[in-house]
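Read the structure below first, then the notes.
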């Protein structure tokens, strides 16, 4: 089943059902089992959202070892998502953002079944976001809270018919927080208007932002600025520059931005970045560790083979690979895209 096929009425969407468990005290204690959150109806592993659990999607998504993802949000009854001036989505107190990571048994035939590996939650409590990761059991009947991370063997058949077998790494809480840090505070990464202007999972064929707005789930009245929307990096009909920057934005800019953990690098990989130097073009790295491979510049126009950016994307070796966490495989399609982009750059 594709998660974009769920249809709900406005009444169902806004009826949030039972109140989710809340963190308690200075060290939040989440329920031991995912089922206690009451997020799904029917067979849990089918990931069919319960009443008030709202599906959403992104134009471009982070690569996570080829895992499929389904995304939901649950809002407290009578509330809605809003935006700041630049279109960043803001969530009311008590919101729960849900992201499920799963693999089809055979990508070519998704109807044959899938297996869920983990579910990650972001919970807003007392104006702060807390993280929780739940790991699914082999029977696919329940997921249990795990703060220290884990390793799971995962096998699936990919789009070429090749059987893939990896040791999937579930991040620990510190890894999760590290990626979500902005000016020292944990924040959601994906939900931005620029990355949500795509087909709606609530009403296939309709614009997601329009549907969310019409149903009273989202208010964009405060988004006075109109940044350029991100394209889907996989959309081969879009310009290569736009596709590359969308890919770098969702995979790298949560760290490589003025407010991210890698702000000291001066490498700011936003989808709307207009300064080639900030994209790494003929920019020397701030350090010459093993991650540079002895190369001089992050991006050398027309020469991917001497570009540090591509070198680090094309590795899984600790101390070299970028992003540093969240993958154990090389994203072949992403590497091919950025190679094509570097070849296209002219100065």
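The values are calculated or read from the model by the stated rules, or taken from the named source; none is laboratory data. The shown structure was predicted, so the numbers you read here are calculated from the model rather than taken from an experiment. Positions of Cβ are backbone-derived with ideal geometry, glycine not excepted, and every protein chain shown enters the neighbour counts.
Observations, loosely collected:
- Those residues of region 283-292 which are surrounded by fewer than 14 Cβ atoms within 10 Å (Cβ to Cβ) and assigned to a loop (DSSP other than H, G, I, E, B), in sequence order: 286, 287, 288, 289
- Of the residues making up region 247-282, those that are touching a strand residue (DSSP E or B) at 6+ places or on another chain (Cβ under 6 Å) and either closer than 14 Å to residue 307 by Cα or not in a loop (DSSP other than H, G, I, E, B) (or both) number 3.
- Some residue of region 331-340 being touching a residue at least 12 places away in the same chain (Cβ under 8 Å), over 30 Å from residue 170 (Cα atoms) and either out of contact with any strand residue (DSSP E or B) (no Cβ under 9 Å at 6 or more places or on another chain) or part of a loop (DSSP other than H, G, I, E, B) (or both): yes
- Exclusive hit being touching a strand residue (DSSP E or B) at 6+ places or on another chain (Cβ under 9 Å), surrounded by 20 or more Cβ atoms within 10 Å (Cβ to Cβ) and within 15 Å of residue 209 (Cβ to Cβ), set 96, 89: 89
- So residue 85, is it in a loop (DSSP other than H, G, I, E, B), in contact (Cβ under 8 Å) with a residue 60 or more places away in the chain and more than 26 Å from residue 159 (Cβ to Cβ): yes
- Test: residue in region 314-325 that is modelled with pLDDT under 95, on the phi < 0 side of the Ramachandran plot and in contact with a strand residue (DSSP E or B) (Cβ under 7 Å, 6 or more places away or on another chain): no
- Residue among 111, 151, 118, 130 that is more than 30 Å from residue 75 (Cβ to Cβ), touching a strand residue (DSSP E or B) at 6+ places or on another chain (Cβ under 7 Å) and outside any loop (DSSP other than H, G, I, E, B): 151
- Residue in region 34-52 that is in contact (Cβ under 8 Å) with a residue 40 or more places away in the chain and under 18 Å from the mean Cα position of the chain (by Cα) present: yes
- Unmet requirement for residue 151, which otherwise passes all of (1) crowded, with 16+ Cβ neighbours inside 10 Å; (2) at pLDDT below 95; (3) over 16 Å from the mean Cα position of the chain (by Cα): (1)
- One residue stands out in region 172-213 among those that are over 25 Å from residue 52 (Cα atoms) and in a strand (DSSP E or B): the one that is modelled with the highest pLDDT, namely 185.
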